[in-house]
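Quick notes on the structure that follows.
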Amino acid sequence: MYSQKKFWIIISMICILSITGVIYSQLKIDQIRLPRKRLEEKIIYIPTGRFMKAASIGFHAVLSDLLWTRAVLYFGEHFTTDREYPWLYRILDAVTTMDPHNILAYRFGGNLLALEGNRIEESIALLKKGIKHNPDKDWRLYFLLGFNYYYILNDHLTAAYYFEQAVKLPGHPEYLPKLVARMYAKADKEDVAIEFLEEIYTQYNDEQVKQTIMDRLILLKAKEQAKEIQKLVERYKQIYNEYPENFEALVNKGLINRIPEYPGGYFTLNPEDGTVDWFSENTPNWP
Amino acid sequence: MIIKTIAVNTFKEAIRDKVLYSLLAFTVIVIVLSVVIGRLTIGEDQRIIKDIGLAAMSLFGVLIATFVGTNLVHKEINRKTIYTIISKPIRRFEFVLGKYFGLLMTIFINLIVMTVVLFAVLMIHKVLIARYIHGFSGVGYFPLLKAIGLVILELMLITSVAILFSIISTPTLSVFFTLGVYAIGHISIELKAIGDASGSAFIYYLCSVFYYLLPNLNNFNIRAEMVRDIYVSNSFIFYSVVYGVLYMSVILIVTILSFDKKEFV
């Protein structure tokens, strides 16, 4: 009886120590794997969607779902680290080849590749692919494509074509035709873009996606604000016959109430030629 | 000594299994055919041969461990030879360990054959085709051996799982369970990512518990890195080996205890 009890104590101890060792090794492996994972991303060969569809022996929809989950995780992982997305298009292209009707994947990629990744060609390619496979399913695909052409590529004619297509589809917001009309009327570019982005912002629940759009909205609003400040600088020049040394001079002369600022960036004033500029930490190179 | 005798007998029995030769033949065919697939790419022949060769060794090795391993104990029960064995002064843990090491010997010999075929294909390819390819930079056998070393460790773990299931379940179910563990072992890494991304503390802890308790077979997968000549630290390999040895020890203890409780009437 005593020896059996001793046996079980020894076995239990060995098991507990082994399991502890397993968990400890896994923790160490994970620590080492972090830099390794970056390497993996560079070397991982993501086969084309066509190949994966053929290789999935009829399970392409499930494979597409799994890869779609991977795409979202990939975005989240990079959003919180380097904010670079070299593989996002490739993954989403494979997802949408295996499941050409995954509208959300087109919208997700179309939006984030342009707004967050600065990968406008890839964004346009993905949205066009979505429209090709789903020509009358979702007005947002045309809307996002139009936005890319309008604001980022400055191609108003092509943008207008896509916005008009969006207006033809059911479900579009009531104000969209008015917005398109304003665009035709060559309204202030940033002003119209802010309205477009505010619409895109309402289309998502995901916090990271919302933050990406919000960063751009803040930047556009800063651009608008910079234009207003520029007018005041010009007025200062008219009154005092010289450009202000800094923003404090504008405050001291009562032209503005306080030194202008906006979240995630700052304004600059060149006293030589009076140019007001802005710098954004979150979105330094956009668009 | 008894363990060694059982292991040698298990090995002799396993190499008579026709499934083993079918799977080995399949592996050899896949490795040889990888040359054809390699020719379809531009200047990547050797990489494709190595990729496919190592993948085939891992996959078919797992199938050998599963199909041969899950049948071993069941055969003894079916042919009633188990009664002769347990009536002899052989302790049950000696029987389990003997079976385990016998199966490992079989898998090890198979992997040697596969490695020889892979290296032969690479060398023949180098002599006949690759030396005419601009920028060809050699075969690089040593990194491949590192990758194969971890494939062996992965197979040792899967073999212990196969033997556990062969004792507590029927052969058919054991095959499903073992292949299930193999699949889970390769996707368990996603659990951590899902837990991290969930934003819920409950899901995070739940995913973490499963992540650390389920086998993580990705720890043994350095095939892509070795083929592409990417550095993998020795400490990574060391902890992977420690992980594998400890994990399979726990499984073997559970297997021995299960077999100890099993009654043969």
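The values are calculated or read from the model by the stated rules, or taken from the named source; none is laboratory data. Not measured: the values here are computed from a predicted model. Ideal geometry is used to build each Cβ from the backbone, glycine not excepted, and the neighbour counts take in all protein chains shown. Ligands, DNA and RNA are excluded from the accessible area calculation, which covers all protein heavy atoms including side chains. Shrake-Rupley method; radii C 1.70, N 1.55, O 1.52, S 1.80 Å.
Structure above, values below:
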item: Filter result for the condition that a residue is surrounded by fewer than 18 Cβ atoms within 10 Å (Cβ to Cβ) and either within 14 Å of chain B (Cβ to nearest Cβ) or in a helix (DSSP H, G or I) (or both), over A:Thr81, A:Thr96; result: A:Thr81
item: Count of segment B:215-244 residues which are surrounded by 23 or more Cβ atoms within 10 Å (Cβ to Cβ), in a loop (DSSP other than H, G, I, E, B) and facing chain A (nearest Cβ under 7 Å); result: 1
item: Elements of type helices (runs of 4 or more DSSP H) contained in segment B:15-93, each with 2 or more residues being under 30 Å from B:Leu145 (Cβ atoms); result: B:18-39, B:45-78
item: Filter result for A:Ile46 (loosely packed, with under 13 Cβ neighbours inside 10 Å and either modelled with pLDDT under 85 or more than 8 Å from chain B (Cβ to nearest Cβ) (or both)); result: no
item: Residue among B:Tyr212, B:Tyr247 that alone is assigned to a helix (DSSP H, G or I), touching a residue at least 12 places away in the same chain (Cβ under 8 Å) and either more than 9 Å from every other protein chain (Cβ to nearest Cβ) or of a type outside the set (Val, Ile, Thr) (or both); result: B:Tyr247
item: Single condition A:Leu232 does not satisfy, out of (1) touching a residue at least 40 places away in the same chain (Cβ under 8 Å); (2) among the hydrophobic types (A, V, I, L, M, F, W, C); (3) over 18 Å from A:Asn148 (Cα atoms); result: (1)
item: Among (1) open to solvent by 70 Å² or more (accessible area, probe 1.4 Å); (2) within 18 Å of the chain's Cα centre (by Cα); (3) farther than 28 Å from B:Ile112 by Cβ, the one test that B:Leu145 misses; result: (3)
item: Breaking point among (1) outside the structural domain of A:His101 (by TED's automatic domain parsing); (2) within 30 Å of A:Val276 (Cβ to Cβ); (3) surrounded by 15 or more Cβ atoms within 10 Å (Cβ to Cβ), for A:Gln208; result: (2)
item: Out of B:Ile253, B:Ile194, B:Ile184, B:Ile203, sole residue that is at the interface with chain A (Cβ under 8 Å from one of its Cβ atoms), at negative phi and open to solvent by 60 Å² or more (accessible area, probe 1.4 Å); result: B:Ile194
item: Positions within segment A:247-275 being of a type outside the set (A, V, I, L, M, F, W, C) and open to solvent by 70 Å² or more (accessible area, probe 1.4 Å), in sequence order; result: A:Glu248, A:Asn252, A:Lys253, A:Asn257, A:Arg258, A:Glu261, A:Pro263, A:Tyr266, A:Glu272, A:Asp273
item: Residue match in segment B:180-194 (condition: in a helix (DSSP H, G or I), in contact (Cβ under 8 Å) with a residue 12 or more places away in the chain and farther than 20 Å from A:Thr69 by Cα); result: yes
item: Number of the exception - A:Glu164 against (1) outside the structural domain of A:Leu115 (by TED's automatic domain parsing); (2) open to solvent by 60 Å² or more (accessible area, probe 1.4 Å); result: (1)
